[in-house]
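Trainee: Structure provided below as structure tokens; questions to follow.
The values are calculated or read from the model by the stated rules, or taken from the named source; none is laboratory data. These figures come from a predicted structure and were not determined experimentally. For neighbour counting, all protein chains shown are included, and Cβ atoms are generated from backbone atoms with ideal geometry for every residue, glycine included. SASA here: full protein model, heavy atoms, side chains in, ligands and nucleic acids out. Shrake-Rupley method; radii C 1.70, N 1.55, O 1.52, S 1.80 Å.
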Amino acid sequence: MRYLSILPTIAIALTSFVTSHPAHPTTQQPIVLDVSHNSTNISIELFAELEELARIVDISYCVGTTGISKPFSCASRCDEFPAFELVDTFNTGPLMSDSCGYIVVDHGRERIGRAKSPRVIVAFRGTYSIANTIVDLSTVPQEYVPYPDSPDNSTSEKHNRGRRAADSRKSGSARSSDAGEGPDPKPTCRNCTVHTGFWTSWQNTRPLVVPHLEYLREKYPDYELHLVGHSLGGAVAALAGLEFDGLGWHPHVTTFGEPRVGNSGLRDWIDATFALPSEHDAEENTGRYRRVTHVDDPVPLLPLQEWGYRAHAGEVFISKAALQPTVADIRLCYGDEDVGCIAGAEVDEQWFNAVVGESGEAFSGQVKEVLDDSEEDVGKGDEVTMVKKRWGIPIPARYKIWQLFFAHRDYFWRLGLCVPGGDPLDWGRDKYHFGEGEGERQDEL
């Protein structure tokens, strides 16, 4: 019954779909995709790390339901992480933006291709009301002020001033929010706006998380800080990551199905903060931010671009619709909106505009039956691909609200249900085999 709350959202989305595609489009243009970067470029080590993080964030769905208890036990996948030590869980409640999650200390274990790396992990859960949160037409962006300025006009400014003073003493340089002070003043995010709902979620969550992290950083100064979030939790992780980076904590952020958090100014700020690769950078993303998306997931395409929202770089795209993906199904994307990744769904919508007839009768005798949805005419070398469709009425991914139950949850595993072994859909699935080196098990991927 809890999912019935998204039914009004579906109606809003369909209404928006009709009104945003006028009967008299611009001159028809063929839609082309640059296939020069179509090769898979993800390493087996990164694949293994993302798969592990998907299971870690899946456990966060136990918060607010059956719960997580110390040392680290729950009804879900907790027994798969024997090195984890639970610090605390947090839950703002449905009346306070429904932000949930947990904090653990991972004292380190061997992971494929990597030495032991102890870390502190904060996992942010998604919410069942994500559809209403991001498709609400009354949503208004608000000004975003990054650290070291005050995040809001609340009492958290006292905390921020204390942290700035502590950081100044440790680094030997003054960090002040006053312009012109200090040898290397922190740059500010200019002309940035952020989704009000996401910002409120983080503001309600930060008092429950920051004190724990301050203590853990003093106790384990050499431990890395990792943030992971799914759905709304991905947006909260993004804002938390910006603030923690301003505190000098250098967090690593991984999100699954993260919505667009803010405008182009905030997008550029995230790219610069985490040193995310530009659209011309063909190297593997070595930055501290991975934004994992999945084909047909509508959430990474929301809130709408028409409202001024933009996605940031660092995308890792899962192109296979069904579980389970392999290394060949995942690729690193280029820049903020690589049309070979989730942004390609927006290209499909341009095709929708191109084939609507001047008479207003949508697709009346104008759609050429050429290829299945999954097929493309791929050129060689520097040639390009023309996107074609068989069906008369394609539905852009951002309007596939029903995929909130499927594509939006399918990240290596089906996320979002706290039961033994995860969602029952996963019970019959084999575990991912990464092997111990370059053996035959790695070849299975």
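Trainee: Step through the residues of the stretch 217-222 one at a time and calculate ³J(HN,Hα) from phi using the Karplus curve (6.51 cos²θ - 1.76 cosθ + 1.60, θ = phi - 60°), rounding each to whole Hz and writing x for Gly and Pro.
Mentor: 5, 6, 7, 10, x, 9
Trainee: While we're looking at this one, here's another question. Over the Cα atoms of the stretch 203-277, what radius of gyration and what Dmax do you get, in Å?
Mentor: Over the stretch 203-277's Cα set, Rg and Dmax evaluate to 12.6, 38 Å.
Trainee: With all protein chains present and a 1.4 Å probe, how do 202, 307 order by accessible area, largest first?
Mentor: My answer, sorted largest first, is 307, 202.
Trainee: Taking H placed 1.01 Å from N in the peptide plane, check which residues at least 5 places from residue 88 or on another chain put their amide H under 5 Å from its amide H.
Mentor: Sorted by chain and number, the residues that satisfy this are 103.
Trainee: What do the square roots of 5 times the Cα gyration tensor eigenvalues come to for the stretch 220-317, in whole Å, largest first, as semi-axes of the equivalent ellipsoid?
Mentor: Ellipsoid semi-axes (Å, largest first): 21, 15, 14.
Trainee: Take the alpha-carbon centre of the stretch 212-270, take the same for the stretch 49-106, and report the distance between them in whole Å.
Mentor: 17 Å
Trainee: Give the long-range amide H neighbours of residue 313: residues separated by 5 or more places, or on another chain, with amide H under 5 Å away, using H modelled in the peptide plane at 1.01 Å from N.
Mentor: Under 5 Å from the amide H of residue 313 lie the amide H atoms of 271, each far enough along the sequence or on another chain.
Trainee: Also, quick follow-up: Which peptide among 417-423, 269-275, 119-125 comes first, and what is the full order, when sorted by highest mean count of other Cβ atoms within 10 Å?
Mentor: With the highest mean Cβ count within 10 Å placed first, the list reads 119-125, 269-275, 417-423.
Trainee: Go ahead and run the numbers for FRET between residue 427 and residue 143, Cβ-Cβ distance against an R0 of 35 Å, rounding to 0.05.
Mentor: Efficiency, rounded to the nearest 0.05: 0.15.
Trainee: Still on this structure: Can you order the peptides 73-86, 398-411 by their average number of other Cβ atoms within 10 Å per residue, highest first?
Mentor: Highest to lowest by the protection proxy: 398-411, 73-86.
Trainee: Right, next: Roughly what would the spin-label model give for residue 219 and residue 41, points 7 Å off Cα along C-beta, in nm?
Mentor: 4.1 nm
Trainee: At a 10 angstrom cut-off on C-beta neighbours, averaged per residue, how do the peptides 328-341, 224-237 rank from highest to lowest?
Mentor: Output ranking for 328-341, 224-237: 224-237, 328-341.
Trainee: All other residues with a Cβ under 13 Å from the Cβ of residue 87 taken together, and with Lys, Arg as +1 and Asp, Glu as -1, what is their net charge?
Mentor: 0
Trainee: Using amide H atoms built 1.01 Å from N in the peptide plane, name the residues 5+ places from residue 290, or on other chains, whose amide H lies under 5 Å from its own.
Mentor: 253, 254, 255
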